[in-house]
1. Under a straight-distance cross-link criterion of Cα-Cα below 19 Å, which aspartates and glutamates are reachable from K692, leaving out those fewer than 8 residues away in the same chain?
2. When DSSP assigns beta bridges and you keep just the ones with both residues in the chain, what percent turn out antiparallel, to the nearest 5?
3. Can you find, among A623, Y695, V106, the residue farthest towards the positive end of the dipole of the chain? Put +1 on the C-beta of Lys and Arg, -1 on that of Asp and Glu.
4. Would you mind getting me the FRET efficiency between R16 and L71? Use the beta-carbon distance for r and R0 = 22 Å, nearest 0.05.
5. Karplus couplings for segment 252-257 from phi (6.51 cos²θ - 1.76 cosθ + 1.60, θ = phi - 60°), rounded to Hz, Gly and Pro as x?
6. Equivalent-ellipsoid semi-axes (√(5λ), Cα gyration tensor) for segment 282-321, whole Å, largest first?
7. Go through the chain and flag any cysteine with no other cysteine's C-beta closer than 4.7 Å, please.
8. What share of the DSSP beta bridges in segment 209-387 is antiparallel, in percent to the nearest 5?
Amino acid sequence: MYADIIIEISHEKLDRPFQYRIPEKLEGSIEPGSYVEVPFGKGGRTIKGYVVNITDKAEIEEERIKDITALAVVSKGEEVKSSLIALAAWMKHNYGGTLIQSLKTVLPVRSTVKGKVRRLVYLNMDIKDAAAVHAEMIQKHQVARARVLAGLMDEDGADATLICDKLHVNNTVLNALEKAGHIRIEANKEYRKPDIFDDKKSGFVDLNIEQQIAVRTVQEDMDRGEGNTYLVHGVTGSGKTEVYIEIIADVIKRGKQAIVLIPEISLTYQTVMRFYRRFGERVSYMHSKLSAGERYDQWERASKGLIDIMIGPRSALFTPFEHLGVIIIDEEHEGSYKAENMPRYHAREVALQRARMSGASVILGSATPSVDSYYRASVGEYKLIELKNRAKGSALPKVDIIDMREELVRGNRSMFSDRLRELIEDRLNAHRQIMLFLNRRGFAGFVSCRKCGYVYKCPHCDVSLSAHKNGKLLCHYCGYETRLEKTCPKCSSKLIGGMKAGTEKVEIELKKLYPEARILRMDGDTTKNKGDYDRILKDFSDEKADILVGTQMIVKGHDFPKVTLVGILAADMSLYAPNYRSQERTFDLITQAAGRAGRDREEGAVVIQTYSPDNYSIIAGGAQDYTAFYEQEFSYRKLLAYPPLEHMLKVLIESPDEAEAGDYAEKAASVGRSHKEVETIGPADDVLSKLKDIYRKTVYIKCKEYETLAVIKDEIEEERRRNGIGGSRIQFDFDPL
Ligand code: ADP
Ligand code: ZN
Ligand code: ZN
């Protein structure tokens, strides 16, 4: 047996592993991640390295391969690295791509940047004085300063970087505030040991019974030394975050550490501060805009044991904690947990693997769990924990589902139903706020009838067909093709075509209808620059607008107490996205959007406009009934053998030459077809059939056993190594979203 060994873990040196022989005496004790001593270079000087892969194939002549000398003594710090390297090896096997790609995902770039001093900002006066100063600042239009003060009044003792980053101020503002004596900035290189039991900042709430049961379930398993996976299914506002916080406190008491994953988009000042408030300086947070140096700094801090909690998006999963106790994944259904580049891993799966390796627990939380996770819970792989009530007792909103076909019959051809307009006017008069939501246009549009609601679907895959030039309708899974008729195949109406509407158009129409209303728009166009996103939300939250129009960006976990009406203008846009998860996404969307309405005392209303009022994800979404949705969705997935009932591998072949892309896709498909136990579909054009002059073809392979698909992936890679790849590139995506 041979081992591929990476000599030194600095990023630059990762470009190639070296092969060594595993001597008999070490057989069985070497695995990916093992730290070993090997002879290196001409003089055969002994150096240390990590095993990243074990194989029985020699890459060079046998005589030239040297033996591993011995297992190296693992010192503090290297232990974590070993386990992360083993994790990278696992990722390579499960997601494909090169080992180097996986290692680079898992390890940070070594950087020479000096560890930054951490600065914490405190109010230098009591709350009452601060309120007075704040009011004065508002009067003088010192908005940036006022923002900082307000932030600190909310939560004192915040990280300076966090303040700058999330409140959109720079150091000049902080320095000015310090000079004026309003705030105190404490730089501490020596990290103080936190005293989490002496909580001065009132970070505690008394957990209600449901929350206590949730916490106790996890604690009892930990007492027995068991790491488990839990799915916390809790309605919006049920107090999931408080449950996480309590579990983390317990984990820290046990001398272990915690990773909290939050989708980047919900990683707001308020969220991060809830953790700071409770755990103080032992918390750190990450976001995707960190520089390599900053990232490395975070890594060092964690591996030296200077922090106990890391909050961040997907990549925070690889924080090098030595005694990892728990990984929490909030909003676990979110698509952003899936990596867009090779290796295309899903944070949930990697978290489970990392937890298995370190005996940690995993807690998945959501108001609308992914069908995958709920399925795992239903077969007993995860423990299901339910939080059925809102912590503050506010009622769930009232939901109206509006049949847009009927509006048409009544002669209303506008994008707003009569009911929605009535409610908008009511809210404008009452000085309440409104959110109107329009799903981002799909890449390739579905075609539907506005009169009867008919939608063109693939007879084999039951996903919507996408319209292409010259009237072609295509299935992006199997390649099925048909032609667009001039009239609806069901009711012969001429009102058949693609659904076209954008947020900008909504804004224009609204301005025509309600010239007095103040409108904010949030979409890809209005959030091009850093800070736009937070600014729009901030303005809306400061009640500088009556209506916020936006894409799905606006539905995510933000709390606007004055919002008492949420409108989903075209639920069908997500319902007929051309993939098997479109129903799931629609249900999420409606539930999350409904969660925005009436968070406070007043009852909220939700209006869902659709041409498919009978669709189960719309009905269940309107009723906020997850179980009803899940049962229907489960039967659909089962019937068509989609994940989670079977696993699905998407093979994407790209080439600047269309014929070549087709050839190599066909080759990949034939590897699939050589396995009788799998179903191979395609090749077909990808949903994005051409991107920046590169043609994209896909093959889908379905199988109950994940491992079979991993093996097929290896065979496809092997076939490409043997027979050449021309100008083509390949990507693998397991259980694509
Ligand atoms: P979720 O994460 O499920 O949406 P949160 O944890 O954000 O819910 O809780 C929603 C609101 O209810 C927050 O303002 C939180 O402080 C409050 N809250 C949560 N649990 C309790 C409790 N046991 N008692 C009082 N307030 C609570
Ligand atoms: Zn029709
Ligand atoms: Zn099809």
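The values are calculated or read from the model by the stated rules, or taken from the named source; none is laboratory data. Since we're looking at a predicted model, the values are computed, not measured. So basically every Cβ, Gly included, is an ideal-geometry build from the backbone, and we count neighbours across all protein chains shown. Just so you know, the surface numbers come from the protein's heavy atoms only, side chains and all, with ligands and any DNA or RNA stripped out. Shrake-Rupley method; radii C 1.70, N 1.55, O 1.52, S 1.80 Å.
1. Leaving aside aspartates and glutamates fewer than 8 places away in the same chain, those within reach of K692 are E340, E654, D657, E658, E660.
2. Of all bridge pairs located within the chain, approximately 55 percent are antiparallel.
3. Y695
4. FRET efficiency, R16 to L71: 0.45.
5. 5, 4, 7, x, 10, 10
6. They are 14, 11, 8 Å, listed from largest to smallest.
7. So far as the 4.7 Å Cβ criterion goes, C164, C478, C703 stand without a partner in the chain.
8. If we restrict to bridges inside segment 209-387, about 5 percent are antiparallel.
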